[in-house]
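Any read-out appearing in this document is the output of simple, stated calculations on the displayed coordinates, not a laboratory observation. Computed from a prediction, not measured in an experiment: that's the story for all the values here. Note: ideal-geometry Cβ built from the backbone for every residue, glycine included; neighbour counts use all protein chains shown.
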C-alpha cells in the first residue's frame, strides 16, 4: 500500500512489504548475522527449521561470506554483492522454500544453468548439494 492506503497496482502486499524491507536495509548499516537470525526467527515452521539449517550450511561451506538481509530474506554476500539467499515459502505464499544464487555466483555451465533451487525437505543428500553449490559459487 502507498501512503494513501491504496494498493500499488501490479504488486501484492507481500511484494510491497519486501520492497519496504529492502529500502529499510539500504538506509541502515544492519547487523549481519544478527539480522539474518532475526529474519529466520520470524519465519513460521517448517521455513524456520530449514532456514536455520541453510544458514548453518552456507556459513560452514563459505565462512568468508557475510550474512545480511536482502528484501528481508537471509542472504550471503561478498562485499556488498549478494551471492546467495534463502527465501522462505511464507514470504510470497509459495509452496516451497528457495535457495537462490545471484549472477555473482560462479555456477555458469554452458549456455544455461539453474540458479534457484526449490527446497521442501533437507536430508543429508540436499545438505551435501547445498554445500557443493555454495563452494562452487565462490570458485
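One table, with the values for the structure above:
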{"read-out": "Subset tally (residues that are assigned to a strand (DSSP E or B) and within 9 Å of the chain's Cα centre (by Cα)) for region 88-112", "value": "4"}
{"read-out": "All positions within region 113-139 that are in contact (Cβ under 8 Å) with a residue 24 or more places away in the chain, in a loop (DSSP other than H, G, I, E, B) and more than 18 Å from residue 52 (Cβ to Cβ)", "value": "139"}
{"read-out": "Residue ID - nearest to residue 46 (Cα to Cα), chosen from residues in region 120-137 that are buried (at least 17 other Cβ atoms within 10 Å of the Cβ) and out of contact with any helix residue (DSSP H, G or I) (no Cβ under 6 Å at 6 or more places or on another chain)", "value": "126"}
{"read-out": "Hey, residue 93 under 16 Å from residue 18 (Cβ atoms), out of contact with any strand residue (DSSP E or B) (no Cβ under 9 Å at 6 or more places or on another chain) and surrounded by fewer than 18 Cβ atoms within 10 Å (Cβ to Cβ) or not", "value": "yes"}
